[in-house]
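Any read-out appearing in this document is the output of simple, stated calculations on the displayed coordinates, not a laboratory observation. Predicted model, so just to flag it, every value in this text is computed and none were measured. Cβ sites come from the backbone with ideal geometry, for glycine too, and all protein chains shown count toward neighbours.
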Amino acid sequence: MNRKYLVDTTTHEYLCVALKKGQEWTPNNQKSLASFMGSRPAKNEADFALLSGEFNDNSFFETWIRNGTNFLFQY
């Protein structure tokens with residue numbers, strides 16, 4: 001299954017914001033999105049940015065979790 005994530009590379013927290021079911025994307029964790037965005041410690045800095053991307057489960061694990069991003073905010 002593919003998922004769309006927002007990743008804060010500063011705090012190593014991430015949030016899955018959409019799931020792909022068939023050809024359609026379904027929003028996910030929308031109740032947590034506002035608090036996730038509001039709780040970023042560097043959000044007022046000029047160069048602040050969140051990484052976003054579409055990953056399948058294995059690719060996300062290999063790219064982020066195995067390589068040092070080990071804080072699970074909400075899956």
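What number in nm² do you get for the range 2-65 if you take the convex hull of its Cα atoms and divide its surface by four?
Across all orientations, the range 2-65 yields a mean hull projection of 4.6 nm².
Let me have the relative contact order for the range 2-65, percent, based on Cα pairs under 8 Å that are six or more residues apart.
39
How would you rank 17-28, 42-53, 2-13, highest first, on the average number of other Cβ atoms within 10 Å across their residues?
Peptide ranking by packing, descending: 2-13, 17-28, 42-53.
So, counting K/R as plus one and D/E as minus one, what does the shell of residues with Cβ under 12 Å around residue 4 add up to?
Net charge in that neighbourhood comes out at +1.
Work from the charge dipole of the range 2-65 (Cβ charges, +1 for Lys and Arg, -1 for Asp and Glu, about the Cα centre) and give the residue of 37, 56, 18 farthest towards its positive end.
Farthest towards the positive pole: 18.
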